[in-house]
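Below you'll find the structure, written out as structure tokens, and then a few comments.
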Amino acid sequence: MKKLIVFVLVGCLGNLAWAGEQKKDVTERLQMATEVLSQMASAPDKGIPEEVLDSAKCIAVVPHLVKGGFIFGGKHGRGVATCRTASGWSAPAFISVGGGSAGLQIGVEGVDLIMLIMNDKGMQQLLSSKFQISGEGSAAAGPVGRHASAGTDWKMDTEMLTYSRSKGAFAGLTLEGAVVQQDSDSTRSVYGNDVSFKSVLQGNVPTPNIAKAFMQAVAQASHKAKTQEAREGNK
């Protein structure tokens, strides 16, 4: 009986330690995602065009996505996503990105990834908790600069625009073949249970305290885009 009690106690302590490490990892990820968004908003000439950001239905940030290989390689990272709702931006949903593609650089490189969901079809895929980026029409490298060029087709049927940031500069990134899905471990560590993407991204779950800074960065970035667009329209 004593051995059983000791075994149970050791198991409980192990679970608590794992939960603590998981919460720490999520907190650090939110901090990095907040920095990426804040820096993006402060450098519009080298970042995402205001009208593109203003049109996005959802924003996902994966800080320090690892990509690597020779000719053929893979990508993996964890991040957070939020969608527009009738009352503002939703609480963050936690995601993981993984999968292979062709044409990656030699070696391993960490980049910051931003994914903008641009239409209802793309939003429904995100709400499904797991989907594969299948190429043209599904995702495209987004335009970069203060304004999107008139010659680009980002307003067409592309569900997702993708950006990578390395050494302070944003550039489009191809993610064909990558799988985006719910990060259940992170979800449980923050929300207490494995709530669905749909519940979180539709605004049915309150924002946890550890995500307040991230949500503020999202609000500031989108507000800046709207303000800048309004100024341009009044000229």
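The values are calculated or read from the model by the stated rules, or taken from the named source; none is laboratory data. This is a predicted model, so every value here is computed, not measured. Ideal geometry is used to build each Cβ from the backbone, glycine not excepted, and the neighbour counts take in all protein chains shown.
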At pLDDT below 95 and outside any helix (DSSP H, G or I) - does that describe any residue in region 211-228?
-> no
Before we move on, is Leu9 part of a helix (DSSP H, G or I) and either of a type outside the set (Asp, Glu) or modelled with pLDDT under 70 (or both)?
-> yes
When region 187-213 is examined, which residues are found to be touching a Leu at 6+ places or on another chain (Cβ under 6 Å) and exposed (fewer than 13 other Cβ atoms within 10 Å of the Cβ)?
-> none
Mind checking whether some residue in region 156-166 is among the basic types (Lys, Arg), at pLDDT below 80 and crowded, with 20+ Cβ neighbours inside 10 Å?
-> yes
Quick one: in region 39-66, which of the residues that are of a type in the set (Gly, Ala, Ser) and at pLDDT 85 or above is nearest to Ala213 (Cα to Cα)?
-> Ala60
Scan region 27-38 residue by residue and report those that are in contact with a strand residue (DSSP E or B) (Cβ under 7 Å, 6 or more places away or on another chain) and modelled with pLDDT of 90 or more.
-> Arg29, Leu30, Met32, Ala33
Confirm whether Arg84 is in a strand (DSSP E or B), farther than 24 Å from Gly177 by Cα and either at pLDDT 70 or above or touching a strand residue (DSSP E or B) at 6+ places or on another chain (Cβ under 7 Å) (or both).
-> yes
